[in-house]
Each structure stands twice: as structure tokens, then as C-alpha cells.
Amino acid sequence: VTHELPENADVAIVGGGFCGLSSARALAKRGVRAAVLEAETFGWGASCRNGGMVLTGMKLPVPKLIKRYGRPIVRKMYAASIEAIDLVEQIVHEEKIECDFSRCGHLEVACKPSHFNGFEESAALIEREFHHPLRIVPQGDLGSEIGSPIYFGGMVDETSAGINPARYVAGLAHAAERAGACLDDHTRVEEITAESQKGARKFRVRTSRGSLTAREVILASGAYTTEATPALRKKIIPIGSYIIATEILPRDLAHKLSPRNRMIYDSKHFLYYYRLTPDNRLLFGGRAAFFPATESTVRQSAEILRRGMIAVYPQLRHTKVEYVWGGTLDFTVDVIPHAGKMDEMYFAAGFAGHGVAAATWFGTQLAGMITGNINSIPFAEISFPAAPIGLRSGRTWALPLAGLWYRILDVFT
């Protein structure tokens, strides 16, 4: 930060990741004075520390969502997930962001025969309800998609993409600034209070670098939401996600591991996700430790993930792991994103590992709501349950129990 904090803004945005920066860009392009307040550096949280997968759909399978929310609303949710990828692509092109965006498609692999049967049911339902084609890959044909013998079939969605998330979030920050947004990093929000000025409601936002007033506030802090906004913090479950990246692989070996260069993830609750990077490293991630990322959880996770990688790809037994990192994702108890208003402030949260596309889309939608568009966020229509006490931010003692529960589910389902 080189400038003083502005004294006031039309909209103060808490959090400088995909969601906050995309809303700042959209607001600034409409002539709204937006100030983004980021406690660390832009993209420091989940927005930089992910696998760069830009995926269709949501975390939960469609049949489960329909059972829970009904067809009409899930149809809108699914359409939003596809629109979100188009939006990322549009921003990348419009703003000329060099971030290796590529529509390479994703492959979900079945860890059990019953999961593969579930794929067939899901694909038929998605084709019928949303007119979105998925391709089922039987076990015998899986070699054309992945160089691993351990799975029982797969499902391909050609719409999904890959991206370098750190370059994308940096490009988004530059784009927001070019459009006229005021960006302040190393500016931790400490307290937000509503006050009345000449009969109009305003928010006073107190930060580590001084205070500003704003007409509206967007909370885009995700898994890093603090006590400054307690109502939102109570609803977020911060879950650690960890990634290793190998040394650069010989081109023919890389091609054997992933012949079509897909974004790949498996069908477990406690899942692995992996892909090749543009320079032919294998990036391999998962919820190795459930606790939010610290130096020790990152170190433990590296070993767990390396074992997982070798179980999937025995041919990497002697390959060196050169990088390891961890980050924290924002889950909700119902594993679905939520958005709307809370304590009179706008918010979006709960991207659960689908944040590259989803957070970009939600940020843009919130900007639309503030500038008078009708609320077209289907996720705003559903109730947002609070997290159980031992899972919520700041009180995560029960996370290993949740992790154990998912491992048990993986054994029996």
C-alpha cells in the first residue's frame, strides 16, 4: 500500500480474493467507488493456494441437491456454475490476464463400482434436467484418460477449465484498480459498526490503518473471516486443503499420467484432486489434515499426499516432490455456497473448493445487487444454517472428528 486509506467509499469490500476483487472490478466499471480491504496481500488466502481447477457443478452431487432443494432451484444453481466458468474466461480475455486459462475439461474417477453406477445416474439426470452433456468412461476405456489402474470408470465434463490461480488473482487486482477501485492490502478490518449520518445508514469500518465510512459493505473474507463479523464467522467451517507438486516430469511420462491433460478428482468424501501444470509437474492435493493450514499440518500433509499420489500413480515412486503448500477453504455445514445479506451487509461464502469460478461469479453478482440488478443468486433463496460449535472458525477442535466421519463414510459408501 502506498496511499492513505480513503475516508469514505460507496462500498467497502472485506477480503481481496476472487470474490472481493471481482465485485470491486464490476462496481468500479459501473462508476461505484469501491475500496477493497485485505488483511494480508491480494489473493493471499484460498485464491492463491488452490489447484487452479475451474469446475462445473457444485460440491454435492446433483441427485442429492434435487432431493434437498427441488428441481427448479437446482436448475438455476447448475446454470450458475456453468455461467461462472464463462465469466472467468470472459474476464481473462477482456483484461488480457496471462494465467494459462484452458478449457481442458475435468474427469471424475470412481473409487468403487457403486460410485461408477452413481455417475451413470447423475449423467442421465444432468443431461435430462439441464441439457448439459457428460461423457461416461467405462473402466475398460479409462486408459485413454488416466494412466492409473485403480479406478472403476470415470465421467468427463468438457466444460471445465484449468488456470494459474495466483496469476489470475493478480490480474483481477490490476483489472479492478484500472477500473477505478481503491485497493488496500495489509489493512486488517477490526470492527464494523452501523451508524446514522443525516438520517442515512452508513457503516464505519475500523481497520489496522485507520477508519473509513461506506454506504454498503461486502464480506468476501471466506475461510479467513474474523471476529470483526461474528454472525458470518459462526457459519463458516474452515477446512485445510493441501497440495504437493513434483519435479518437472519427462514429457512422455506426463502424457501417460494424464493423456488429455484433464482436471482430475476422485469420488470419495475425503477426496484427492490432481492435474498436470503447464510445465509438466504433477500437482496433487487433498484434505490430508482437516485442521486449517499451519507449518506442521503442511509438513504432515506432504507425506500423506505423497503416499496418496504413489497409490494412484505407482510410476511416481521415485519422483521428487519439490513444492508443498496448504490453505484453508470455507465450507458450510450444508456444503453449499450462500450469499445475500447478513446484519445489513452483503456476503458470499462457502465455496468448498469450487471457488475459482464460484467466487468470481458471486462477487460479480453482489456488485449487480448493489447497483440495482434484481437478485438473481439462487443460493440467496435457501436458509443458511450455523456451523456446529466445534467446527466453526476459531473453535475447530471437532474438525478431526469430522475428518474421521468422512473416512468412515468412505469405507461404507
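Quick one: if you stick a label point 7 Å off each Cα along the C-beta vector at R103 and E7, how many nm between them? Taking the two extended label points, one gets 5.0 nm.
Spatial offset of region 77-122 relative to region 146-173 amounts to 7 Å, using the alpha carbon center of each. Using the Cβ of D184 as centre and a radius below 12 Å, the other residues enclosed give a net charge of -3, where K and R count +1 and D and E count -1.
For the chain, the calculated P(r), taken from all Cα-Cα distances in 10 Å bins from zero up to the bin holding the longest distance, is 5, 23, 33, 26, 11, 3, 0, 0 percent. Taking region 201-257, which GluC sites (Glu not before Pro) meet the DSSP loop condition and have no more than 10 other C-beta atoms within 10 Å? Loop-located and lightly packed - E227.
For region 287-406, the residue among T332, I374, Q300 whose Cα projects farthest onto the positive side of the dipole built from Cβ charges is Q300. Working from Cα pairs under 8 Å separated by at least six residues, relative contact order for the chain is 23 percent. Counted by Cβ distance under 13 Å from P314, the other residues give a net charge of +4, where Lys and Arg count +1 and Asp and Glu count -1. Entry comment: accessible area of the chain is 42 Å² per residue, from protein heavy atoms only and a probe of 1.4 Å. Secondary-structure-derived ellipticity at 222 nm for the chain, considering helices only, amounts to -10500 deg cm²/dmol, per-run term -39500 (n - 2.57) for DSSP H runs with n ≥ 4. Measuring nothing but protein heavy atoms, the accessible surface of region 3-155 at 1.4 Å probe radius is 52 percent carbon and sulfur. Protection proxy ranking, highest mean first, for peptides 377-383, 335-341: 335-341, 377-383, where packing is the per-residue count of other beta-carbon atoms within 10 Å, averaged. Counting Lys and Arg as +1 and Asp and Glu as -1 over every other residue whose Cβ lies under 11 Å from the Cβ of L27, the net charge comes to +2. In this Cβ point-charge picture (+1 for Lys and Arg, -1 for Asp and Glu), the chain has a dipole of about 660 debye about its Cα centre. Between rounded, prolate and oblate, where does region 259-413 land on the alpha carbon gyration tensor, with a ≥ b ≥ c its root eigenvalues, rounded for a/c under 1.5, else prolate if a/b exceeds b/c? The shape class here is prolate. Sorting the segments 125-135, 345-355 by their residues' average number of neighbouring beta-carbon atoms within 10 angstrom, most packed first, yields 345-355, 125-135. Here the extension length gained between K67 and S296 equals 78.4 nm, from 0.36 nm per residue of separation less the Cα-Cα distance.
Charges were assigned to the Cβ only: +1 to each Lys and Arg, -1 to each Asp and Glu. The resulting dipole of region 1-119 about its Cα centre is roughly 960 debye.
The values are calculated or read from the model by the stated rules, or taken from the named source; none is laboratory data. These numbers come from a predicted model, not from an experiment. Methodologically, a virtual Cβ is constructed for each residue, glycine included, from the backbone with ideal geometry; neighbour enumeration extends over all protein chains shown. Accessible surface areas use protein heavy atoms only, side chains included; no ligands, DNA or RNA. Shrake-Rupley method; radii C 1.70, N 1.55, O 1.52, S 1.80 Å.
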